[in-house]
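The values are calculated or read from the model by the stated rules, or taken from the named source; none is laboratory data. Computed from a predicted model, the values in this text were never measured in an experiment. Note that we place each Cβ from the backbone using ideal geometry, even for glycine, and neighbour counts take in every protein chain shown. Side chains included, ligands, DNA and RNA excluded: accessible areas come from the protein's heavy atoms. Shrake-Rupley method; radii C 1.70, N 1.55, O 1.52, S 1.80 Å.
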Amino acid sequence: AAPARVATGTGGCSRAVGAAAAAMFADGAAGSADVGSLWRRARSARREAKSCQTGPVASAEAAVQTGTKREAGVQTEQGAGPAQGPPHQGPADAARLLSFLRRVEDAVIKELSKNCRSHAFDGFEVNWTHQNETVLCLHTLSYSEAQQRKLQVTGVSWNATGAVVACSYGRLDDGDWSTEKSYVCTWNLDRRGLNPQRPDLVVDVPSSVLCLAFHPSQPSLIAGGLFSGEVVVWDTSRTEDTLILRTGMTDDTHTDPVYQQVNWLPDGKHRNHFQLLSASTDGKILVWREERDGRLVLAEGFALVAQQIPRSIRLKKLVWGETAVGVTSLSFSRFDPRVFVVGTEGGFALKCSTAAGTEALRQPGSSVPLRAPAELAFSPHGGPVYSVSCSPFHRQVLNLFLSCGTDGHVHLHSMLQAQPLVSVQLSKKYLFCVRWSPVRPLVFAAASGEGKGVHDTYLCFKGEVQLFDFEKSTQKAAVSMKQSTGESPVYCLEFNVKQPQLLAAGDATGAVKVWQLSSDFTEQGPREMKHLEQLASEVTD
């Protein structure tokens, strides 16, 4: 409504105006009115945010940067001349082709049938990748203090992960073995900044360490055999006092050095527990169990006595009687935990069993009865057997094993007969170690050195690592790798089960070389297992 006008005057005029105004205006309730904001509506339409101080940002998407495109199948214009190409085949050509196919149909079908029955290309596989035929030396590992003291590498082992290699140092030729300090060293090959001349861990040992073995599932545990006859266990994860278990010097301890062999064995009574087996030239094979006070105590044992060795072959050099048969090496079957093979100083290998029940004739003051484990004696080498290796392949060929010795021969044996299936003179040098490839059924590696062995008095020269492949030849090595520039033997070697292209070998110079094998030695052929099975089946009466 328009605002009321108020006039000013005197007397009755003023009162009359007041009365009239009172009559015109009175109190009343009227409905509310709502007027919308045009400013907010306009701002919302422009999508303006109150918190944004800038204007709207324009954007656009485009799949290509060009506005037009063109496709062409050829770059030249079609000529005006006649088209270049095969002539059009008319009905006459088709008739001649049909006549020809009918004439040769029988002959083609006959030849195709012959091809189907042929075995000329059985097992043939096309390999489109380039095969590297070389064997490379990846690392030369050493410990300067051990080399300065002219200590030798007596054993090598890979841990459960395949990343760490360990070696034991000692002396196999001369010196006061029982009191001379030695070492166990480890290198992690996967560690960034690896220094081959500086081990990741060095364990000082008061006696010469002659063999060692990593635990099969715990990567930090290493077992070692000493010249003193003791068996010890180190935990490399400890920063101080790595020695956690030891046999001590008791009536049960070996009286001769623990050469070549310590093994971790599954404990049949306790799941996921392991026992330790040790073998020595005193003729005893002992199994140790762990006690809570850090001691290894004798659980069971075996003794090899000449009189109790089966006379399945003519062992002219063996003097029968109650004399100990020195054990130089040992290997367990991968499929029957009761069966194992030992090599002896007398030059022959023996098939043995932990299930043997006959007591040994010789019981040298042991706390538990010792048993006679030998079941079969094999044809001897021309000298001590320094190494044996059982086949790691499936059950049909589990009866095979390799042996080598100072006569330079490698024997391939079946556990079912005394005579070897194959006897190969790998070299005129001593063979100190032989190992079956974990992935190639027909491949093995051997460590050689001229002259002196562990128990002999001749010099050693020209140590080599030799790879043998039965698929290529049964008479000579496929590859020979020079281990060192000097004239020194190779005493030990081990394949890496987790990384089968790696092979570690230790020599008398105190060095460990890690060799990388080519695919020729790591990829199994399609008929390779069948070939090995044929060798295993060649058992004579």
Would you confirm, using the coordinates I've provided, whether Trp177 is assigned to a strand (DSSP E or B), modelled with pLDDT under 95 and aromatic (Phe, Trp, Tyr)? no
Suppose we filter region 488-502 for residues that are assigned to a loop (DSSP other than H, G, I, E, B) and touching a strand residue (DSSP E or B) at 6+ places or on another chain (Cβ under 9 Å); how many remain? 7
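Residues Glu464, Glu523, Glu528: which one is at pLDDT below 90 and surrounded by fewer than 17 Cβ atoms within 10 Å (Cβ to Cβ)?
Glu523
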Are any of the residues in region 343-353 surrounded by 19 or more Cβ atoms within 10 Å (Cβ to Cβ), within 37 Å of the chain's Cα centre (by Cα), under 19 Å from Leu276 (Cα atoms) and in contact (Cβ under 8 Å) with a residue 60 or more places away in the chain? yes
Go through Tyr143, Tyr169 for me and flag whichever is in contact with a helix residue (DSSP H, G or I) (Cβ under 7 Å, 6 or more places away or on another chain) and in contact (Cβ under 8 Å) with a residue 12 or more places away in the chain. Tyr169
Which residues, taken from region 354-382, are closer than 14 Å to Val325 by Cα, in contact with a Leu (Cβ under 6 Å, 6 or more places away or on another chain) and open to solvent by 30 Å² or more (accessible area, probe 1.4 Å)? Gln363
So is Arg271 surrounded by fewer than 22 Cβ atoms within 10 Å (Cβ to Cβ) and either hydrophobic (A, V, I, L, M, F, W, C) or out of contact with any strand residue (DSSP E or B) (no Cβ under 9 Å at 6 or more places or on another chain) (or both) or not? yes
If we keep only residues of region 182-200 that are open to solvent by 20 Å² or more (accessible area, probe 1.4 Å) and in contact with an Asp or Glu (Cβ under 9 Å, 6 or more places away or on another chain), then the residue nearest to Asp252 (Cα to Cα) is Asn188
Given the options Val153, Val209, Val231, Val126, name the one that is over 27 Å from Asp251 (Cβ atoms), modelled with pLDDT of 90 or more and either of a type outside the set (Asp, Glu) or touching a helix residue (DSSP H, G or I) at 6+ places or on another chain (Cβ under 8 Å) (or both). Val153
Answer residue from region 431-461, given it is surrounded by 19 or more Cβ atoms within 10 Å (Cβ to Cβ) and charged (D, E, K, R) and is modelled with the lowest pLDDT among those: Lys452
Quick one: in region 314-332, of everything that is modelled with pLDDT of 90 or more and polar (S, T, N, Q), which residue is nearest to the chain's Cα centre (by Cα)? Ser331
